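A quick write-up on the structure given underneath.
The values are calculated or read from the model by the stated rules, or taken from the named source; none is laboratory data. None of the values given here were measured: they were computed from a predicted structure. Note that each Cβ is placed from the backbone with ideal geometry, even for glycine, and that neighbours are counted across all protein chains shown. Accessible surface is based on the protein model in full, side chains and every heavy atom, while ligands, DNA and RNA are left aside. Shrake-Rupley method; radii C 1.70, N 1.55, O 1.52, S 1.80 Å.
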Amino acid sequence: MKAKVDFKIFFILLLYIVTQKVDIFALTFVFIILHEIGHIISGILLGLKINKLELNIAGISLEFKNYGKERKINNIIIDLAGPVINLLSAIIGLWIQSEIIIYVNAMLFIINMLPIYPLDGGRILKNILLYKNTYKQTIKMIETIAKYTLIILSIFASILILSFKNISIFVLIIYLWGIYIKERHKNKIIKRVYQTIENNT
């Protein structure tokens, strides 16, 4: 199993220190870890082995061996397990009347369920679309859905930033656009490969 640390996490920590929200960062990170443990446990229960483990600004990123080759329903279960942990944690927060636990987990659930690949919501959407569409059609639809989702989020985020002057919202939107652009670049390469194959057949 490969393991590495993404040093951008220290930049995010510095941001929380500057904005004096280290306590929220620490609690958020704890629940992100629990989120990823949900993915790990579900994958292990489905008989998969961990191939890569990475500590990054999103918490822990993991990759299972033969992950993409498993049945689509298994992939959906694994991707859904993390957000379910956050949803259950928010319910527990409601039960013990802890506003910060409710807030942190509600945000983690909402963000991770956004239809933006490679977030959990994007992965779930991808596997659902693959039931009825080709891989080429699926990546095109996911890219379109992600783009319009980000445009809408950016509009709302702009209003929130002006209202609450919260720099963390700005950082989140930049991060989401970053992963969208990175994924779009990968998709362009995939489309070129498909185009080359089609031209040679």
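Does Leu94 qualify as being open to solvent by 50 Å² or more (accessible area, probe 1.4 Å), assigned to a helix (DSSP H, G or I) and either under 23 Å from Ile169 (Cα atoms) or out of contact with any Asp or Glu (no Cβ under 9 Å at 6 or more places or on another chain) (or both)?
Taking the combined requirement at face value, the residue satisfies it.
Given the conditions (1) touching a helix residue (DSSP H, G or I) at 6+ places or on another chain (Cβ under 7 Å); (2) open to solvent by less than 60 Å² (accessible area, probe 1.4 Å); (3) part of a helix (DSSP H, G or I); (4) at pLDDT below 90, and given that Pro118 satisfies all but one, which numbered condition is not satisfied?
Failing condition for Pro118: (3).
Among Ile152, Ile159, which is among the β-branched types (Val, Ile, Thr) and over 18 Å from Gly178 (Cα atoms)?
Only one candidate qualifies: Ile159.
Take the range 121-142 and flag every residue that is of a type in the set (Val, Ile, Thr) and either without any contact (Cβ under 8 Å) to a residue 12 or more places away in the chain or open to solvent by less than 40 Å² (accessible area, probe 1.4 Å) (or both).
Ile124, Thr134, Thr138, Ile139, Ile142, listed by residue number.
Confirm whether Glu70 is touching a strand residue (DSSP E or B) at 6+ places or on another chain (Cβ under 9 Å) and either surrounded by 14 or more Cβ atoms within 10 Å (Cβ to Cβ) or at pLDDT below 90 (or both).
Yes: the conditions hold for Glu70.
Being modelled with pLDDT under 65, not polar (S, T, N, Q) and not in a helix (DSSP H, G or I) is true for just one of Leu14, Leu48, Leu53. Which residue is that?
Just a single option satisfies the conditions, and that option is Leu53.
Give me the pairs: first residue in the range 74-85 and farther than 14 Å from Ile128 by Cβ, second residue surrounded by fewer than 21 Cβ atoms within 10 Å (Cβ to Cβ) and modelled with pLDDT of 90 or more, beta-carbon distance under 7 Å, and six or more apart or on different chains, which are they?
The qualifying pairs are Pro83/Met113.
Filter the range 143-170 for residues that are of a type in the set (A, V, I, L, M), open to solvent by less than 80 Å² (accessible area, probe 1.4 Å) and within 30 Å of Lys191 (Cα to Cα); which is modelled with the lowest pLDDT?
Applying the filter and picking the extreme gives Leu153.
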